[in-house]
Structures are given as structure tokens and as C-alpha cells.
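Asks: This is the structure I want to talk about, given as C-alpha cells.
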Amino acid sequence: MHEHDAEGLIVAHYGIAVGVRTETGETVKVRVRRRSGHVVGDRVSVRDGDLKRHPRNSELRRLDNRGEIRLVASNLDVLGIVIAPVPLSPETFIDRAIVTARATGMQPFLVLNKADLAGSAELEAELRGRYGDLLTFFLVSAVDSSGMTPLVAFFAEGHRGAFVGTTGVGKSSIMNILCPDIDLAVGEINETTGLGRHTTTVATLHSLPGGGELIDTPGFRDFGLAEIDPAELGAWFPGFEAVVEEGCRFRNCLHRAEPGCALTAAVQSGTIPVSRRESYIRILDELEEHQARLPRRKD
Ligand code: GDP
Ligand code: ZN
């Protein structure tokens, strides 16, 4: 047995090497091929300097600065969607994030930041009305740290998560409070990796002082919409649970304008607001557009 043979977790990725935290708590650097496919969050066995990856429970994909969808982290169980009164994220943005999280094995939760700003109470009421009991909800302010205790306690249950949200909603500010040694000021050198934020570091996994883990994905602006079968979108869409449960005339109903559609009936009776259907249709259009661009599968 090699002196570095061990079971471990990838906690950092430097392009040509990864940092593997082993059971003893130390982090060893292991060289990898440039397109090894290993990402932060992967559980691996180290054998003679080679990595063997264990199966993943979930995968986080993000859009990079060139607009390409890339896998950046794995084995997360929660995804925090950060929202603020300014800049205000479109309703569909939030729904896309929820759908993607659910479809790729993560439990989404909402963080309404900038509670100190005017307009946050109205936004809170709107979000609670729309997502109700479907998602765990946190109201925080990263400028005065208010509301952070329940969020810290949530991670302390043992969750591993990441944050997504429009630029400027306060993701970095929240991460800095949850994990002070992350120190997310653009252009600074990360003390644990010794690398600047604009180097090849793709993602880093941090253990939070209060418990739980947070994955930071610098340089990634947005996340990719999961590749979902359009006929399954309704099952992931927040608020359509009862409709999907009830069922439509056609088993593979897309809930556009098909006869006997339970969604149409719910919108007509007022159980589901028109705006919810509009958000759903926008994501459905996006999925179908994406599907049309894929090479046809030969089955
Ligand atoms: P990110 O792009 O999502 O990472 O957002 P940042 O953390 O960089 O924050 C964007 C801007 O919002 C900065 O100017 C922060 O100072 C400000 N900001 C962050 N959190 C709050 C907050 O709770 N309240 C207010 N008023 N401003 C905040
Ligand atoms: Zn239908």
C-alpha cells in the first residue's frame, strides 16, 4: 500500500490537480488529467496517486463565462436560491432554479436577502404566497447579519450546499458571514489554496464553523437548466403538485392546451394563478428549444 492511499473527498480543484481531504482530516494534492471529470464534492479512493471516483448522488451544473454548461460540483443535498428586492430576479429565474435543483437531486431553499431594504416585506409576502410550504424560507440581511442564525442552524443539520442567484443579490456577502475564512473579495488570494480567484480554481468546499458544508463556485454566473423530458417538467414545477397528482386526459400531457388538461382546469377555476402557468410555459419553451437543437437519438 502506497503511503498516500486513502479514502477521501475532493475539496478543491486547480485544473491539473485536486485537493483531497482524507479521513484523517489532512488535505493531499493529487495530480489529474485536465479533463479528468473530477469535481469538488466527489468521493474518491486514492491508489498509487490515481483517483477512483465513487458514484454521485447529485450534480451541480453552471454556465461558465463563455456560456457553456459545465459540471462544477457533486453530492450536494441542498441548493440555496438567493433573492433580493434589488436586483429583483424574474419569477421564471426562481422557478428554473427550483426545477433544476429538484430534477438533479438537490432540495432547493429560498434566502430572501437585503431584509433591511424597503420592499423586502412585500417581496416576502409574494414569495410566501407563491411557494408557501413547498420550500424552506430564510429572511436575512447580510449587511447587519440579521436572520442568519436559522440559516446557520439549517446547515448545521449536516447539509452540503451552494448558492445561486442573480449577480448582486448578495451571495458572496452571505457566504462570508457563514464562513468567514472564505473571504470572498474579488481578486484576493484564497488562503487555503494560495491561488487568486481568477486562476483555474473552479470550486472549493468549505466546512462551516457551525456545521455543514458550503461549495463556492467562483466565475460561474448562472446555472444550466437541467435536461428534463418536457413531459416531466410539470412534476418538478413548484405548485403543480396537486395538478400532476390529479392527472390529465393524456398521460404525457405537456399542459399547453391539450383537451382534458388538469392545469387548464385549475387555472380556469382560479386554483392556480395565470402567472404560474406563464412561468411554466416559458421553461417548457426553453426545454423544447434545447431539445430541438440536440442530435436526434437513434433508438
Ligand atoms: P453577489 O453578486 O450575489 O455575490 O452579491 P454581493 O455579495 O457581491 O453583493 C452585492 C451588493 O449588495 C454589494 O454592494 C453588497 O454590499 C450589497 N449587499 C449584500 N447584502 C446586502 C444586504 O443584506 N443589504 C443591503 N442593503 N445590501 C447588501
Ligand atoms: Zn395537462
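The values are calculated or read from the model by the stated rules, or taken from the named source; none is laboratory data. Predicted model only: the values in this text are computed from it and were never measured. Quick reminder, even Gly has a Cβ in these numbers, built from the backbone with ideal geometry, and neighbours come from all protein chains shown.
Asks: Yes or no: segment 220-228 includes at least one residue that is within 12 Å of ligand 2 (Cβ to nearest atom) and of a type in the set (A, V, I, L, M).
Replies: If we filter segment 220-228 for residues that are within 12 Å of ligand 2 (Cβ to nearest atom), which is where we start, we get none.
No: zero hits.
Asks: Can A185 be described as under 30 Å from V32 (Cα atoms), crowded, with 17+ Cβ neighbours inside 10 Å and at pLDDT below 95?
Replies: Numbers: under 30 Å from V32 (Cα atoms): yes; crowded, with 17+ Cβ neighbours inside 10 Å: no; at pLDDT below 95: yes.
Spelling it out, it is not the case that A185 is under 30 Å from V32 (Cα atoms), crowded, with 17+ Cβ neighbours inside 10 Å and at pLDDT below 95.
Asks: Only helices (runs of 4 or more DSSP H) wholly contained in segment 85-167 count here; list those with 3 or more residues that are exposed (fewer than 14 other Cβ atoms within 10 Å of the Cβ) and free of Cβ contacts under 8 Å to residues at least 12 places away in the same chain.
Replies: Details: elements: 91-103, 120-131, 148-156.
Per the criteria, 120-131.
Asks: Against the definition (within 11 Å of ligand 2 (Cβ to nearest atom), among the small types (G, A, S), in contact (Cβ under 8 Å) with a residue 12 or more places away in the chain and surrounded by fewer than 20 Cβ atoms within 10 Å (Cβ to Cβ)), how does A242 come out, yes or no? Quick ask: steps written out before the conclusion?
Replies: On the way: within 11 Å of ligand 2 (Cβ to nearest atom): no; among the small types (G, A, S): yes; in contact (Cβ under 8 Å) with a residue 12 or more places away in the chain: yes; surrounded by fewer than 20 Cβ atoms within 10 Å (Cβ to Cβ): yes.
Judged against the criteria, A242 is not a match.
Asks: What's the total number of residues in segment 230-286 that are outside any helix (DSSP H, G or I) and among the small types (G, A, S)?
Replies: Narrowing segment 230-286 to residues outside any helix (DSSP H, G or I): 237-240, 247-261, 270-273.
With among the small types (G, A, S) added as a condition, the list becomes 239, 247, 257, 260, 270.
Result for segment 230-286: 5.
Asks: Separate question: Being outside any loop (DSSP other than H, G, I, E, B) and either closer than 30 Å to R96 by Cβ or at pLDDT 95 or above (or both) narrows it down to one of R70, R56, so name that one. Steps first, answer last, please.
Replies: Numbers: R56 fails: outside any loop (DSSP other than H, G, I, E, B).
Residue meeting the stated conditions: R70.
Asks: To continue, here is another question. Being of a type outside the set (F, W, Y), under 21 Å from the mean Cα position of the chain (by Cα), modelled with pLDDT of 95 or more and under 28 Å from V82 (Cβ atoms) narrows it down to one residue among G219, G212, G224; which is it?
Replies: On the way: G219 fails: modelled with pLDDT of 95 or more; G224 fails: modelled with pLDDT of 95 or more.
Checking each option against the conditions leaves just G212.
Asks: I've got another one for you. I'd like the full set of residues that are surrounded by fewer than 20 Cβ atoms within 10 Å (Cβ to Cβ) and under 28 Å from the mean Cα position of the chain (by Cα), limited to segment 261-275.
Replies: P273, V274, S275
Asks: Applying the selection to segment 147-179, what residues are among the hydroxyl-bearing types (S, T, Y) and farther than 14 Å from A84 by Cβ? Let's see the steps before the verdict.
Replies: Within segment 147-179, the first condition is being among the hydroxyl-bearing types (S, T, Y), and the residues that meet it are 149, 166-167, 172-173.
Result: T149, single match.
Asks: Collect the residues in segment 245-260 that are farther than 22 Å from H290 by Cβ and either crowded, with 20+ Cβ neighbours inside 10 Å or within 16 Å of ligand 1 (Cβ to nearest atom) (or both), keeping them in residue-number order.
Replies: We begin by selecting, within segment 245-260, every residue farther than 22 Å from H290 by Cβ; these are 245-251, 259-260.
Selection gives C248 alone.
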